[in-house]
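K.L.:
Below: one structure in structure tokens.
The values are calculated or read from the model by the stated rules, or taken from the named source; none is laboratory data. Every value quoted in this text rests on a predicted model; they were computed, and no experiment measured them. Reconstructed Cβ throughout: ideal geometry from the backbone, glycine too, with neighbour counts over all protein chains shown.
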Ligand SMILES: NC(=O)c1ccc[n+]([C@@H]2O[C@H](COP(=O)([O-])OP(=O)(O)OC[C@H]3O[C@@H](n4cnc5c(N)ncnc54)[C@H](OP(=O)(O)O)[C@@H]3O)[C@@H](O)[C@H]2O)c1
């Protein structure tokens, strides 16, 4: 397949490009800078220069593509509304461009806010609908696109997609620990997170693009780990003491580390024959993946 990938230079996107190329697919990656374009070209991917704010570039990406994997996100923590609006508009544009073609459109989501307090299943719908919703309601847009002749699907990623070089939430926790001189969970530390290794997430994206049915909700979630265990492992790896903190103490990541964000992935595994094989988060932490400065 010829697959247009947005966010192709991101943490998950770069691993996805590697996975797709290794499986023999052609990748066209969206690049908003010369640096990103060079990173893609070095791997053997084709480059489409563009930006999430340049909706024409997204339309161009769908031309001659057999499918679209949408992983780009501004992640502008200072302007969440702007980030959500951009995400909503980008997915609307991709749906319009793919309508009537039955080509796959895979859209990324997280687990926040779907079923607070219990593990989310693939049957649980996202409550986010409309342009002002979290992530611009992009998951529901992708799934509703099925009625317009698009093989829309959503992949919900665990809050930690981990591995060596990760710049996501666990790296924020490591940074907070270094700065504060203590590695902390929030409150009593009983909140739990689902986690998945980056390479397992990338393989799931490839399998979904190749074969998931229209309307699928898929969970990139391999294991469930208590937040206290994550903080303890970081403390060991960084040579720091451990203890409780407030969400505010930990900065942006604190709000998420205070919450149980877990998912069951039984149906995803059955549907795609997906089995996670990568190291666990605690193995990655203790191997030093989060010990650099
Ligand atoms: N990583 C996780 O643990 C996790 C967990 C849950 C959900 N997710 C979701 O999964 C998706 C992928 O996450 P990620 O961790 O791979 O994100 P990431 O590492 O932050 O990568 C973001 C990607 O989006 C691109 N991008 C940012 N702003 C752009 C713009 N204005 N125009 C075009 N491209 C732009 C970046 O390009 P540059 O390389 O040029 O900066 C990069 O390729 C996101 O939707 C994210 O919210 C991730």
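K.L.:
Considering only residues that are more than 8 Å from the ligand (Cβ to nearest atom) and buried (at least 18 other Cβ atoms within 10 Å of the Cβ), look in the stretch 1-10 and name the one that is nearest to residue 75 (Cα to Cα).
P.N.:
5
K.L.:
Right, something else. Show the residue pairs that are 6+ apart or on different chains and have beta-carbon atoms under 7 Å apart, the first residue being within the stretch 256-267 and under 20 Å from residue 231 (Cα atoms), the second being in a helix (DSSP H, G or I).
P.N.:
Every condition considered, the pairs that remain are 256/169; 257/173; 257/227; 257/250.
K.L.:
Residues 284, 249: which one is modelled with pLDDT of 95 or more and within 28 Å of residue 122 (Cα to Cα)?
P.N.:
The match here is 284.
K.L.:
Then there's this: Report yes if some residue within the stretch 216-228 is out of contact with any strand residue (DSSP E or B) (no Cβ under 8 Å at 6 or more places or on another chain) and in a helix (DSSP H, G or I); otherwise report no.
P.N.:
no
K.L.:
While we're looking at this one, here's another question. If residue 240 satisfies all but one of (1) assigned to a loop (DSSP other than H, G, I, E, B); (2) in contact with a strand residue (DSSP E or B) (Cβ under 6 Å, 6 or more places away or on another chain); (3) closer than 22 Å to residue 112 by Cα, what's the number of the condition it fails?
P.N.:
(3)
K.L.:
Could you say whether any residue in the stretch 120-138 is in contact with a strand residue (DSSP E or B) (Cβ under 7 Å, 6 or more places away or on another chain), part of a loop (DSSP other than H, G, I, E, B), exposed (fewer than 15 other Cβ atoms within 10 Å of the Cβ) and modelled with pLDDT of 95 or more?
P.N.:
Looking through the stretch 120-138, none of the residues is in contact with a strand residue (DSSP E or B) (Cβ under 7 Å, 6 or more places away or on another chain), part of a loop (DSSP other than H, G, I, E, B), exposed (fewer than 15 other Cβ atoms within 10 Å of the Cβ) and modelled with pLDDT of 95 or more.
This table checks each residue for (1) assigned to a helix (DSSP H, G or I); (2) crowded, with 24+ Cβ neighbours inside 10 Å; (3) more than 11 Å from the ligand (Cβ to nearest atom); (4) modelled with pLDDT of 95 or more.
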residue	(1), (2), (3), (4)
94	yes, yes, yes, yes
105	no, yes, yes, yes
143	yes, no, yes, yes
164	no, no, yes, yes
170	yes, yes, no, yes
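K.L.:
Oh, and also: Condition first: outside any loop (DSSP other than H, G, I, E, B) and either surrounded by fewer than 16 Cβ atoms within 10 Å (Cβ to Cβ) or in contact (Cβ under 8 Å) with a residue 24 or more places away in the chain (or both). Now tell me which residues in the stretch 268-277 satisfy that.
P.N.:
Scanning the stretch 268-277 gives 268, 270, 271, 272.
K.L.:
Anything in the stretch 54-75 that is in a loop (DSSP other than H, G, I, E, B) and more than 10 Å from the ligand (Cβ to nearest atom)? List them, or say none. Before the answer, list the steps.
P.N.:
First, the residues of the stretch 54-75 that are in a loop (DSSP other than H, G, I, E, B): 54, 63-66, 71-75.
Result: 63, 64, 65, 66.
K.L.:
Within the stretch 145-162, count every residue that is more than 11 Å from the ligand (Cβ to nearest atom) and not in a strand (DSSP E or B).
P.N.:
Within the stretch 145-162, residues that are more than 11 Å from the ligand (Cβ to nearest atom) and not in a strand (DSSP E or B) number 6.
K.L.:
Looking at the stretch 11-53, which of its residues are within 8 Å of the ligand (Cβ to nearest atom) and surrounded by fewer than 21 Cβ atoms within 10 Å (Cβ to Cβ)?
P.N.:
Those that are within 8 Å of the ligand (Cβ to nearest atom) and surrounded by fewer than 21 Cβ atoms within 10 Å (Cβ to Cβ): 11, 32, 33, 35, 36, 39, 50, 51, 53.
K.L.:
Let me ask something else about it. Only one of (1) away from the ligand (no atom under 11 Å from the Cβ); (2) touching a helix residue (DSSP H, G or I) at 6+ places or on another chain (Cβ under 6 Å); (3) under 22 Å from residue 33 (Cα atoms) is not met by residue 78, so which one is it?
P.N.:
The number of the failed condition is (2).
K.L.:
Right, here's the next one. Within the stretch 173-204, how many residues turn out to be assigned to a helix (DSSP H, G or I), out of contact with any strand residue (DSSP E or B) (no Cβ under 6 Å at 6 or more places or on another chain) and crowded, with 19+ Cβ neighbours inside 10 Å?
P.N.:
Narrowing the stretch 173-204 to residues assigned to a helix (DSSP H, G or I): 173-180, 198-204.
When the remaining residues are screened for being out of contact with any strand residue (DSSP E or B) (no Cβ under 6 Å at 6 or more places or on another chain), the result is 173-176, 178-180, 199-200, 202-203.
Still in the running and crowded, with 19+ Cβ neighbours inside 10 Å: 173-174, 176, 200, 202-203.
Qualifying residue count for the region: 6.
K.L.:
Okay, moving on. Does residue 48 meet the test of being touching a strand residue (DSSP E or B) at 6+ places or on another chain (Cβ under 7 Å), in a helix (DSSP H, G or I) and farther than 22 Å from residue 167 by Cα? If you could, list the steps in order and put the result at the bottom.
P.N.:
Numbers: touching a strand residue (DSSP E or B) at 6+ places or on another chain (Cβ under 7 Å): yes; in a helix (DSSP H, G or I): no; farther than 22 Å from residue 167 by Cα: yes.
No; evaluated as a whole, the condition is false for this residue.
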